1. Answer yes or no: is there a residue in the range 1-24 that is modelled with pLDDT of 55 or more, loosely packed, with under 15 Cβ neighbours inside 10 Å and either in contact with a strand residue (DSSP E or B) (Cβ under 8 Å, 6 or more places away or on another chain) or more than 18 Å from residue 106 (Cβ to Cβ) (or both).
2. Are any of the residues in the range 157-168 surrounded by 14 or more Cβ atoms within 10 Å (Cβ to Cβ), in a helix (DSSP H, G or I) and more than 14 Å from the chain's Cα centre (by Cα)?
3. Looking at (1) modelled with pLDDT under 95; (2) at positive phi, can you tell me which one residue 89 breaks?
4. Quick check, is residue 153 in a helix (DSSP H, G or I), surrounded by 15 or more Cβ atoms within 10 Å (Cβ to Cβ) and more than 14 Å from the chain's Cα centre (by Cα)?
5. Yes or no: the range 108-123 includes at least one residue that is assigned to a helix (DSSP H, G or I) and closer than 17 Å to residue 78 by Cα.
6. For the list (1) part of a helix (DSSP H, G or I); (2) at pLDDT below 95, I need the number of the one condition that residue 127 fails.
7. Identify all residues within the range 125-145 that are in contact (Cβ under 8 Å) with a residue 60 or more places away in the chain, surrounded by 20 or more Cβ atoms within 10 Å (Cβ to Cβ) and either within 8 Å of the chain's Cα centre (by Cα) or under 17 Å from residue 112 (Cα atoms) (or both); write none if there are none.
8. Within the range 66-122, which residues are over 16 Å from the mean Cα position of the chain (by Cα), surrounded by 12 or more Cβ atoms within 10 Å (Cβ to Cβ) and within 25 Å of residue 152 (Cα to Cα)?
């Protein structure tokens, strides 16, 4: 029950703070209906998601147990790579606006929550947040990879999706332990 409540809350919160997001994407209607986000929404959400993954994982490298630290280091490496790829692609395509330069307020709130925790409480919350964040990322990339409006970004989203699905599986496994 706790996980369901956390997932619903995080999904609603994550949908509210991303810069210049369309109403359908912000409300979560697009996700529920399986509709691809607009290119601008995809770029903003993907960048903010990467930032959250990187910053929360940096904290986990400092505070987590050994399994959490290993997972977190992999998340830092892989999300820095996807963030760099996204920025380069958006620049090459001359899309506006550029990728978000900050997390959503909801993501910042989740990060602040992690900062207040230590030990087993930190690990549990980080694991829960990673599952939720990767569920959201998988949904975003799947929808855009299938129906996105910019061919280069659509191909990149589809290519990146398997790695995100693997991250989700790893987070779910970590969360069970």
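The values are calculated or read from the model by the stated rules, or taken from the named source; none is laboratory data. The model shown is predicted, which means the values in this text are computed figures rather than measured ones. Glycine also receives a Cβ, built like all others from the backbone with ideal geometry; neighbour counts cover every protein chain displayed.
1. no
2. Yes, the range 157-168 contains a residue that is surrounded by 14 or more Cβ atoms within 10 Å (Cβ to Cβ), in a helix (DSSP H, G or I) and more than 14 Å from the chain's Cα centre (by Cα).
3. Residue 89 satisfies every listed condition except (2).
4. yes
5. No: the range 108-123 contains no residue that is assigned to a helix (DSSP H, G or I) and closer than 17 Å to residue 78 by Cα.
6. Unmet condition: (2).
7. 126, 129, 130, 132, 133, 136, 137
8. Result: 89, 90, 93, 95, 97, 98.
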